[in-house]
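Presented below is the structure to which this report refers.
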Amino acid sequence: MNSNDFDADRLILVCNDDGIFSPGIRALAEVAKEFGEIAVIAPDRQQSAVGHSITVSDPLRVTPFQIDSQMEGQAVNGTPADCVKLAHDKLMKRKPDLVLSGINHGSNAGINIIYSGTVSAATEATILGYPAIAVSCTEFSESADLAGAQEATRRAIRYILRNTLPPGITLNVNAPAGPLKGMKWARQANSRYVEEFEGRVDPHNKPYFWITGRLEILDEGEDLDLNVLKKGYATITPIQYDLTAHGFYREQHGDLEG
């Protein structure tokens, strides 16, 4: 910890998608405390792969919580994006200076970015005008060593404190388990899941399906986030919520009148 990093006037919102009791959010809160005051506001249960969904048909309820007398905050019965929206409008004593989401247990590189609740919480913060970082560890186990992801988070925070992010940009950080080997800028790999739905029958003789599949990389390059991670380095990828295909858009001048 660098004592020069801490600013008592800096307020940091900490969120995730694995739920309020995840070891990852505690690890992230530990890092956030090195830089300022924190507010932990996160889902009250596992919300992985919910993407950027929000709750519109049910009421949102907030419950204060405390874990091991070390971390306290507010648990929301909603999605990661709900948590950030509610924190922004109602739950924080003032607006945050920075929003951190994670540390997710499992990679959010490649196509996983669009499914990720972790990334969506950070993206929602960006939409609301806050600098934001999503952080993930490639190891799914809740007992994974998150030291590398923590150090990668410190470096990403320092980058934001020294540089102004352009509007609409979120930083997506991924790191292997264990100590940090190094950290590199990387681009999102073009990838997809090749999926199968295994049919089964429950004890009441009713059919159901269980999704299985494998990740397929449709891209090449040493700077792909998935390839950099395979080499043992942490990645940092600037992402945006603007989904316009700008290159294609600029090329279009044709008549659409039929």
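The values are calculated or read from the model by the stated rules, or taken from the named source; none is laboratory data. Every value quoted in this text rests on a predicted model; they were computed, and no experiment measured them. FYI the Cβ positions are ideal-geometry reconstructions off the backbone, even for glycines, and counts take in every protein chain you see.
Miscellaneous remarks
- Enumerated helices (runs of 4 or more DSSP H) restricted to the range 143-258, each holding at least 2 residues that are surrounded by 14 or more Cβ atoms within 10 Å (Cβ to Cβ), in contact (Cβ under 8 Å) with a residue 24 or more places away in the chain and not acidic (Asp, Glu): 147-162, 225-230
- Qualifying residue in the range 71-78 (condition: closer than 30 Å to Asp219 by Cα and among the polar types (S, T, N, Q)): no
- Assessment of the range 230-252 against the conditions (among the polar types (S, T, N, Q), within 19 Å of His105 (Cα to Cα) and in contact with a helix residue (DSSP H, G or I) (Cβ under 9 Å, 6 or more places away or on another chain)) yields at least one matching residue.
- Within the range 116-142, the set of residues being part of a helix (DSSP H, G or I) and either free of Cβ contacts under 8 Å to residues at least 24 places away in the same chain or not aliphatic (A, V, I, L, M) (or both) comprises Gly117, Thr118, Ser120, Thr123, Glu124, Thr126.
- Subset of the range 68-118 (residues that are modelled with pLDDT of 95 or more, closer than 26 Å to Asp58 by Cβ and charged (D, E, K, R)): Asp82, Lys85, Asp89, Lys90
- Counting only residues that are under 20 Å from Ile114 (Cβ atoms) and over 15 Å from the mean Cα position of the chain (by Cα), the range 126-164 holds 1 of them.
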